Amino acid sequence: MSEVELLRKIRPTWLSRVVQSTAHGAGVRQDIRQQMERFFDLLEQTVESGDPGWLDPMLVDWASSMTQSDLESETSHLTPFLGEVMQTTLAVCQEQLEPAQALSLINLLIPSFTHAFEKTAQTEVHNRIRYATDELESVRQDIEKLDRSKSDFIAVAAHELKTPLTLIEGYSAMLKDSLGSQAAQETEAALLGGIGNGTRRLREIIDDMIDVSLIDNNLMALNFQPVWISRLLIALGNELNEALQERQQKLTVEPFPGSNQMSFGDPERLLQALRNVISNAIKFTPDGGTIKIDGRLLPGFVEVLVIDNGIGIDPDDQAIIFEKFARLGSSQLHSSGKTKFKGGGPGLGLHISKGIIDAHGGAIWVESPGCDEMNFPGSTFHILLPMRSEPPDTKTARLFAPLMDQANPIKTS
Ligand code: ADP
């Protein structure tokens, strides 16, 4: 008897045993019976042709019909099922055939089952990877959608808040004017001063929110003009003088190479970016501390360093602080304020600074040994800006052509 004939001989017993051992419930059994009949047909083909690949379509079908919970669970369901089928096959061979016949049939069947295990495992892994990739993609799309709606919300909320704020500002200005000559001026003036401070701070936060939505939507337009880093730093030194005095801090600006060299950038935006970093240095350095600004000229770039001897930043937080709404634990302990020690803010400043510097083609990062509110290890913010000898657009280039000729005399000669 050939091996195919031997196989056919065990078919009825094999079928009922396999169905019994693998399926539970009458409905399932009927379905399994049909499937196992097809499997057995293919098994016959593998024995006849010596090619276990005949089983592949069936195995791929099985592996592809994995349910979501199969795909999510870590264990394979198909491998134990195949193991069960193989064990039953071997047992039926031993029971139904002469030992020599059983041995020669088993010898032919083993490679087919080995192939089946390999193919199933491969297809299962492949399906799991595809499932995980799809899941990841859908999570990514959800996050993107969430981020977009957050950004849309910020933009809408900020614009909506601007209108009532303008009304408050207008009415308090009118009130101030109408109080001008009254005797009770001093008390009212103080109260109006309070309203003024509040509305100014609110306007700053709203402007920051609008800037964040501009950055997140890649809409930040730069107004390129000639800039000198040294002049920006002098302006900021003057602007922040009051806060520095209040905190008894010292700001020193080193005349570093490149700081006096003309470049092209958006002076307002660069001021804003540097202001946020230096204000933070003031905020997170204790009273009496020092903030130093230094830098160096690199090929094609100027690097500005804002060095403080404040509380420092943990290495784990050094990337997070440039994300929007980033506030680290310690800063929330204290009252809100622009320059008060550890004053809490909305966590938008560094995100905006990064957006502005990125838009210029530069980079910003921080170095610090860690956060220590007893020993004040300090932080150093690095701001890398490209040195541009001309603005990126031809219109501005034409406008500033005479200045550019002065700055680059070799080019014109
Ligand atoms: P905020 O409006 O809260 O100041 P920022 O984006 O400017 O937001 O800063 C985010 C966080 O980064 C701060 O809350 C603070 O925890 C941390 N941080 C920024 N600059 C410094 C610094 N120079 N020293 C220590 N921590 C800093």
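The values are calculated or read from the model by the stated rules, or taken from the named source; none is laboratory data. It should be emphasised that the depicted structure is a prediction, and the values quoted were computed from it without experimental measurement. For neighbour counting, all protein chains shown are included, and Cβ atoms are generated from backbone atoms with ideal geometry for every residue, glycine included.
Please specify each residue of region 69-98 satisfying the condition of being part of a helix (DSSP H, G or I) and over 20 Å from Arg17 (Cα atoms).
Residues satisfying the conditions are Ser69, Asp70, Leu71, Glu72.
Taking region 329-360 as the region of interest, how many residues are assigned to a loop (DSSP other than H, G, I, E, B) and at pLDDT 95 or above?
Result for region 329-360: 1.
Considering only residues that are in contact with a helix residue (DSSP H, G or I) (Cβ under 6 Å, 6 or more places away or on another chain) and either among the charged types (D, E, K, R) or part of a loop (DSSP other than H, G, I, E, B) (or both), look in region 367-405 and name the one that is farthest from Leu270 (Cα to Cα).
Out of the qualifying residues, it is Asp405.
Does any residue of region 265-279 turn out to be within 18 Å of Val227 (Cα to Cα), out of contact with any helix residue (DSSP H, G or I) (no Cβ under 8 Å at 6 or more places or on another chain) and touching a residue at least 12 places away in the same chain (Cβ under 8 Å)?
Within region 265-279, one or more residues are within 18 Å of Val227 (Cα to Cα), out of contact with any helix residue (DSSP H, G or I) (no Cβ under 8 Å at 6 or more places or on another chain) and touching a residue at least 12 places away in the same chain (Cβ under 8 Å).
Find all pairs meeting these conditions: Cβ atoms under 7 angstrom apart; at least six residues apart or on different chains; first residue within region 352-373 and surrounded by 15 or more Cβ atoms within 10 Å (Cβ to Cβ); second residue part of a loop (DSSP other than H, G, I, E, B) and of a type in the set (D, E, K, R).
Close Cβ pairs satisfying both conditions: Gly370/Asp314; Cys371/Asp314.
In region 362-405, which residues are within 16 Å of the ligand (Cβ to nearest atom), within 19 Å of Ile320 (Cβ to Cβ) and of a type in the set (A, V, I, L, M, F, W, C)?
Ile364, Trp365, Val366, Cys371, Phe381, Ile383
Against the definition (within 28 Å of the chain's Cα centre (by Cα), at pLDDT below 95 and of a type outside the set (Phe, Trp, Tyr)), how does Ala273 come out, yes or no?
Here the answer is no, as Ala273 does not meet what is asked.
Report, by residue number, each residue of region 52-88 that is at pLDDT below 90, of a type outside the set (A, V, I, L, M, F, W, C) and farther than 12 Å from Thr123 by Cβ.
Hits for region 52-88 are Thr67, Gln68, Ser69, Asp70, Glu72, Ser73, Glu74, Thr75, His77, Pro80.
Going by the structure shown, is Arg296 away from the ligand (no atom under 11 Å from the Cβ), farther than 18 Å from Ala243 by Cβ and among the charged types (D, E, K, R)?
yes
Quick grid of which residues meet (1) away from the ligand (no atom under 16 Å from the Cβ); (2) out of contact with any strand residue (DSSP E or B) (no Cβ under 6 Å at 6 or more places or on another chain); (3) β-branched (Val, Ile, Thr):
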| position | (1), (2), (3) |
| --- | --- |
| Leu244 | no, no, no |
| Gln261 | yes, yes, no |
| Ala273 | no, yes, no |
| Val277 | no, no, yes |
| Asn280 | no, yes, no |
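Pick from region 93-127 the residues that are within 14 Å of Gly83 (Cα to Cα), of a type in the set (A, V, I, L, M) and touching a residue at least 40 places away in the same chain (Cβ under 8 Å): which of them is surrounded by the fewest Cβ atoms within 10 Å (Cβ to Cβ)?
It comes out as Ala121.
Got at least one residue in region 305-317 being out of contact with any Cys (no Cβ under 8 Å at 6 or more places or on another chain), without any contact (Cβ under 8 Å) to a residue 12 or more places away in the chain, over 26 Å from Met387 (Cα atoms) and more than 8 Å from the ligand (Cβ to nearest atom)?
Looking for residues that are out of contact with any Cys (no Cβ under 8 Å at 6 or more places or on another chain), without any contact (Cβ under 8 Å) to a residue 12 or more places away in the chain, over 26 Å from Met387 (Cα atoms) and more than 8 Å from the ligand (Cβ to nearest atom), one finds at least one in region 305-317, hence yes.
Determine if region 326-347 includes at least one residue that is away from the ligand (no atom under 15 Å from the Cβ) and in contact with a strand residue (DSSP E or B) (Cβ under 7 Å, 6 or more places away or on another chain).
No, every residue in region 326-347 fails to be away from the ligand (no atom under 15 Å from the Cβ) and in contact with a strand residue (DSSP E or B) (Cβ under 7 Å, 6 or more places away or on another chain).
Report, by residue number, each residue of region 23-32 that is modelled with pLDDT of 80 or more and either aliphatic (A, V, I, L, M) or surrounded by 15 or more Cβ atoms within 10 Å (Cβ to Cβ) (or both).
Ile32
Assess whether Thr46 counts as being in contact with a Pro (Cβ under 8 Å, 6 or more places away or on another chain), surrounded by 19 or more Cβ atoms within 10 Å (Cβ to Cβ) and part of a helix (DSSP H, G or I).
Yes, satisfied.
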